[in-house]
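Report on the following structure.
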Amino acid sequence: MDLSYGEGAETFRREVRSFLKGAWQPGERRKDELKAFIRDFRTKATDAGYLYRAIPKQYGGSEQPADVVKAQVIREEFARARAPMEIGGNGMSMLVPTLLEKGTPEQKDMFIRQTMSGDMMWGQGYSEPATGSDLASVRTRAELVGDEWVINGQKIWTSQGDRATHMFGLFRTEPNASKHGGISYLMLDLNQPGVTRRPIRQMTGEAGFYEFFFDNARTPASWIVGERGDGWNVSRTTLKHERASIGSADALGGTFRKLVELAQEMEIDGQPAIKDAKVRDALTKIEGWVMAHRYSSFRLFSLAAAQEQPGLVGLMMKLLLTETGHEMALLAQELIGDHALIEPASAGTRGRGPEKWLDQIMGTLGNSIAGGTTNIQRNIIAERGLGLPRDLAMEADK
């Protein structure tokens, strides 16, 4: 099996290295100076065609032809040099691709450039209390009054909610329409009267998510993406990008390497845990799944390079990452033993001992619902991939 990228890609790699050698020299700088330096570096990297490659120049991108091999070379070389890539977050990973596919020219002009610069930070407004995995059950209402949408209701489990300046999400605009046909995809400013944000304290002690309450909050009528009542279809575009970003092969491999190190450090009956037959058996099984995930990522990469559609492989990758991550967390919990009783956020303990694995252990429970629950994804794979009948409960709700 030849996993090399070819001479053309290696020539491009030398060009990227030459650019980074000249442009990325952060050195010792004050915090404000470093922030300005990074912003200037991203502008230079975009002008050189290395960042924001899929975004047209008129919206601030470098508008490069789609080339997954070059994109991979750029990721590898920027990571090697520890140079910053594009600004991350919900805005760049989900909203901007959605606007490029479904947005109006005015929306693209208004939102994409400010999202790229970090001046606009976006929270995702999908989840609501009592809706569970049934995304189409959203009840937060948006009523068109004059040239504005008036919004009332609640959104929950919004990541980056502390920093978000704006929100994109699903709102019920057609109360008399069918369950899936009465939803619209709206954007709104979160810094306005009628919007209340509250942190959600999680079992790790952190507040990584926020809930938002809307009491006659307002957003312009033109801030709707797609047609009125077609939000369900627009949201599937966003979820496609969210799921693709979750299924990273690098994240799974890195966690497995740390798990092996943990097995080398902890002891069972006075011996390193990694010498225990049951631990070795569990690690071997997990490594098999990690390798399957890694080589499936190569398959996805090859399909993309050949401009072929991956089908449901991306969804399967996310499912495999979630399940394997949970298996690793269960083994880690067994290895750290009594350390699992220590509150991970307590003073003087965080990140200093085996209890740091508690964040991973509890975090994998959340991963099973992020980007669509595991059971929902199994349904999609079964129905669209294997041709099995639709879920009877979903059919009844249509």
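The values are calculated or read from the model by the stated rules, or taken from the named source; none is laboratory data. Small disclaimer: the values here were computed from a predicted structure and weren't measured. Note that we place each Cβ from the backbone using ideal geometry, even for glycine, and neighbour counts take in every protein chain shown. These area figures cover heavy atoms from the full protein model, side chains too; ligands, DNA and RNA do not enter into them. Shrake-Rupley method; radii C 1.70, N 1.55, O 1.52, S 1.80 Å.
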When Ile151 is run through (1) surrounded by 21 or more Cβ atoms within 10 Å (Cβ to Cβ); (2) part of a loop (DSSP other than H, G, I, E, B); (3) of a type in the set (A, V, I, L, M, F, W, C), the failure sits at (2)
Counted residues in the stretch 306-338 being over 19 Å from Arg384 (Cβ atoms), open to solvent by 30 Å² or more (accessible area, probe 1.4 Å) and at pLDDT 80 or above come to 9
Within the stretch 279-305, of all residues that are among the hydrophobic types (A, V, I, L, M, F, W, C) and under 23 Å from Thr237 (Cα atoms), the one surrounded by the fewest Cβ atoms within 10 Å (Cβ to Cβ) is Ala305
Over the stretch 173-191, the set of residues touching a strand residue (DSSP E or B) at 6+ places or on another chain (Cβ under 8 Å) and open to solvent by 40 Å² or more (accessible area, probe 1.4 Å) is Glu174, Pro175, Asp189
Notebook entry, point to check: Does Lys102 count as open to solvent by less than 60 Å² (accessible area, probe 1.4 Å), of a type in the set (D, E, K, R) and farther than 22 Å from Gly6 by Cβ?
Noted result: no
